[in-house]
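See structure below.
Derivation of every value follows stated rules applied to the coordinates shown; laboratory data play no part. Since this is a predicted model, take the numbers as computed values, not measurements. Neighbour counts are summed over all protein chains in view; Cβ atoms, including those assigned to glycine, are modelled from backbone coordinates with ideal geometry.
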Amino acid sequence: LALQRPNPVLWASTPGDYATLSKVHHIPDGTDGAAIIRQTASCKLFCSEMVGRVADRAVQIHGGAGYMEDYPVEHFYRDVRLFRLYEGTSQIQQIIIAREMTRELSG
């Protein structure tokens, strides 16, 4: 049933997702280093969280089979979880973003 109709949550998030990635992709030369650090951390946080939501949705669609090692979605779900840990957890990315925003706002 879930695959028979569009998913409004995923559909609604698409324009914002594109804007987030596009902003980092189009960083002009000569941009302040702090802004680059913040935008890069934002992109890493965004991408790792988004792929986590996609994997979670895939497991949800597959039901109990989503947790069984016999199905590729279980492997995908397990691998995707590492994206939130590799090269800095999501919480570390949030700390980096907050630190750089504070620097930008204070001076």
Which numbered condition in (1) within 24 Å of His25 (Cβ to Cβ); (2) in a helix (DSSP H, G or I) is the only one that Gly88 fails?
(2)
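Among the residues of the range 16-58 satisfying the criterion of being acidic (Asp, Glu) and in contact with a helix residue (DSSP H, G or I) (Cβ under 7 Å, 6 or more places away or on another chain), which is farthest from Tyr71 (Cα to Cα)? Talk me through it step by step, then tell me what you get.
Narrowing the range 16-58 to residues acidic (Asp, Glu): 17, 29, 32, 49, 56.
When the remaining residues are screened for being in contact with a helix residue (DSSP H, G or I) (Cβ under 7 Å, 6 or more places away or on another chain), the result is 17, 49.
Working: Asp17: 28, Glu49: 22 Å.
Among those residues, the one meeting the criterion is Asp17.
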Only one of Arg81, Arg99, Arg53 is surrounded by 12 or more Cβ atoms within 10 Å (Cβ to Cβ), under 13 Å from the mean Cα position of the chain (by Cα), within 25 Å of Ser22 (Cβ to Cβ) and among the basic types (Lys, Arg); which?
Arg53
